[in-house]
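In what follows, a structure is listed as structure tokens, so that the remarks can point back to it.
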Amino acid sequence: MDLSCWGIFRERTNSPGRETDDAEILRLTAKHLEAAGFQVSLKSAEEVSSLTEARPRCVFLMCEGLPVLRQLETWQAAGVRHVNEPLAVLYTYRERMIAQFVEANVPFIESRIVSTTERPRSVALPLWVKRSDVHNTRDGDVVLATTEDAIWSALGGLAERGIDRAVLQPHVEGDLIKFYGIGPGAGPEGEPPWFRWFYHRGQRVAGHAFDRRRLAQLVRRAAAALGLEVYGGDVIVTPAGAIVLLDLNAWPSFALYRDEAAVAIASYLSLRFRGAE
């Protein structure tokens, strides 16, 4: 059986402040795959774009750029197995993600798509101004605006960079929680097969009570709506115990659970890739 596979690093532009953590989870996953008998090569997105060698049988990827994802889609059509699938990664682009959640009836924070060249009307402050495609890659991509002038300034900054649409989202008070998940399907209480959550650093945690099972079920539904198999994201737990989904990302750094997560990811990939025959 051909057990050749490539791991593709996330672009440095898409890993602001997380370059080392992102690279380490991919390298550690590759190490465990090699121990399971796979022949693994790690590549940058740029190396994939200038391919001069035969395609691998399987790919596990953290890259997010549109050109390389489109290239990988053609590989997938030719029979190369991917985790995450390129289309699932494209669905994490914010505007696409909102549409997928609406289609799948997944509860998500109220989101309004606006032009970056027009002043929005009837806004409640404070609110977040976010670029409508990829997640936070540099200053100005995600801005908390407390005045209408600040909203316009944030939109203007995006417009100057050629970004023509933005997403406006209300600021929700509560405890910020980060989560990680691996694998489709559900456990006995509807949770992802591998699931961890923790309070985000840099905040004063109030400890609002909430239903852990509902959190796990919401995360699984959201990941399924995008087709993600390795993922992470953020929710807010409000003082009333409501769980508000803020974001969902493809293959995060798993920084606090790197060693444990790498074993789980490699085990999952081994099953997926060996089943490709």
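The values are calculated or read from the model by the stated rules, or taken from the named source; none is laboratory data. Fair warning: this is a prediction, and the values are worked out from it, not measured in the lab. All Cβ positions, glycine included, derive from the backbone under ideal geometry; neighbour counts span all protein chains shown. All accessible areas refer to the heavy atoms of the entire protein, side chains included, with ligands and DNA or RNA removed. Shrake-Rupley method; radii C 1.70, N 1.55, O 1.52, S 1.80 Å.
Values for this structure:
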read-out: The chain, accessible surface, carbon-and-sulfur percent (1.4 angstrom probe); value: 49 percent
read-out: Paired Rg and Dmax values of the range 1-89, which use every Cα atom, in angstrom; value: 12.4, 39
read-out: Distance from the range 16-46 to the range 237-251 (C-alpha centre basis), Å; value: 28 Å
read-out: Alpha-carbon spread of the range 206-246, three principal axes, descending order, Å; value: 32, 16, 13
read-out: Descending semi-axes in Å of the range 141-190, equivalent ellipsoid built from Cα gyration tensor; value: 34, 16, 8
read-out: Global size of the range 14-168 as Cα Rg and Dmax, reported in angstrom; value: 18.8, 59
read-out: Student exercise, the range 1-142 dipole from Lys, Arg, Asp, Glu Cβ charges, in Debye to nearest 20; value: 260 debye
read-out: Share antiparallel - DSSP beta bridges, the chain, percent rounded to 5; value: 75 percent
read-out: Pairwise Cα inverse-distance average, inverted: Kirkwood Rh of the range 155-223 (Å); value: 14.8 Å
read-out: For the chain, diffusion coefficient by Stokes-Einstein and Kirkwood Rh (Cα), 37 °C, 0.692 mPa s, µm²/s; value: 167 µm²/s
read-out: Cα-centre dipole for the chain with unit charges at Cβ (Lys and Arg positive, Asp and Glu negative), debye to 20; value: 320 debye
read-out: Peptides ranked, highest mean first, by Cβ atoms within 10 Å: ranges 179-188, 55-64; value: 55-64, 179-188
read-out: Isolated Cys in the chain, by beta carbon distance under 4.7 Å; value: CYS63
read-out: Per-peptide average of other Cβ atoms within 10 Å, ordering 83-91, 191-199 highest first; value: 83-91, 191-199
read-out: Relative compactness, the range 105-261, computed as alpha-carbon Rg over 2.2 N^0.38 Å; value: 1.11
